[in-house]
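Only one structure is covered here, and it is reproduced in the block below.
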Amino acid sequence: MVSASKKGRAEVNAKQFVPYMEKIQEVTTSVALGSKGSDHPMLKKRPVKKTGYIVITADRGLAGSYNSNVLRQVNQTLQSRHKSNDDFAIIALGRVGRDFFTKRGMNVVLDIIGLHDQPSFSDIKDFTNKAVGMYADGTFDEIYLYYSHYVNAIKYDVTEKKLLPFTEMGSSAKLTNYEFDPSAEEILEVLLPQYAESLIYGAVLDSKASEHAARMTAMKSATDNANDIINSLSLSYNRARQAAITQEITEIVGGAAALE
């Protein structure tokens, strides 16, 4: 019941953030494509020497396959893409993910735990700023984002999204012509990092909705299984009790017949 209540609020938060995400994507794409600002470093590919992976998990277990599905896919991706642990690093959002990669000797360069069930952007502002900054300062040449996308109460899909660089911004069909003041380059200097940070925050909201849905489903399954076990044990107890009573009656009747 607690998870069901939290899931409802988390689902609303995730859905309310969608219009903002769509609008900032439209504006960022229009500015980037409609100006000379396409030379911005965040819009250009560069030789990949090191890759960063932002992995969003929960702080606790008891959430069914929510954590394991994300970690399994990330681990398989790391094994297939990289020959050495020096070729990548992990940015972990959630205790389960941080502990998973730390125990396997992988480099966790940044982590955040203890995030509120209904997080605001201010709760992860420093985290997102540092994560995006690691691309800007050359620590990473590309950054991928892994999280659970909320579909409905019983379905949440592990999603991989290439966060940086923004190499597919031309895929947006809706573009608007803008007049820039100050220049487009100056606008993109502020807008692109904010856009990247908003993508991370949107993934966090999506993941929180998925986490509460998974936790609700897991607890319902646990409750149903416990009820099944109670019913089975109650039936076994009643059968044993009935057998004992029948045995006692048989012995009493047999004793009375012997006395006659």
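The values are calculated or read from the model by the stated rules, or taken from the named source; none is laboratory data. Since the structure is predicted, the reported quantities are computational estimates derived from the model, not experimental observations. We place every Cβ from the backbone using ideal geometry, glycine too, and count neighbours over all the protein chains shown.
What the table below lists for this structure:
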quantity: Residue that is nearest to residue 119 (Cα to Cα) [pool: residues in the stretch 1-25 that are surrounded by 12 or more Cβ atoms within 10 Å (Cβ to Cβ) and of a type in the set (A, V, I, L, M)]; calculated: 10
quantity: Residue list for the stretch 72-95, filter: of a type in the set (Ser, Thr, Tyr) and surrounded by 13 or more Cβ atoms within 10 Å (Cβ to Cβ); calculated: 77
quantity: Matching residues, the stretch 187-238, being modelled with pLDDT of 90 or more, β-branched (Val, Ile, Thr) and more than 26 Å from residue 125 (Cα to Cα); calculated: 229, 230
quantity: Tally of residues being at pLDDT below 90 and in a strand (DSSP E or B) across the stretch 139-156; calculated: 5
quantity: Scope the stretch 48-60; condition under 25 Å from residue 3 (Cβ atoms) and surrounded by fewer than 14 Cβ atoms within 10 Å (Cβ to Cβ); matching residues; calculated: 60
quantity: The listed residue being modelled with pLDDT of 85 or more and under 23 Å from residue 136 (Cβ atoms), out of 9, 60, 72, 46; calculated: 46
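Yes/no per residue for (1) without any contact (Cβ under 8 Å) to a residue 12 or more places away in the chain; (2) buried (at least 19 other Cβ atoms within 10 Å of the Cβ); (3) of a type in the set (A, V, I, L, M):
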residue: 97; (1), (2), (3): no, yes, no
residue: 109; (1), (2), (3): no, no, yes
residue: 120; (1), (2), (3): yes, no, no
residue: 142; (1), (2), (3): no, yes, no
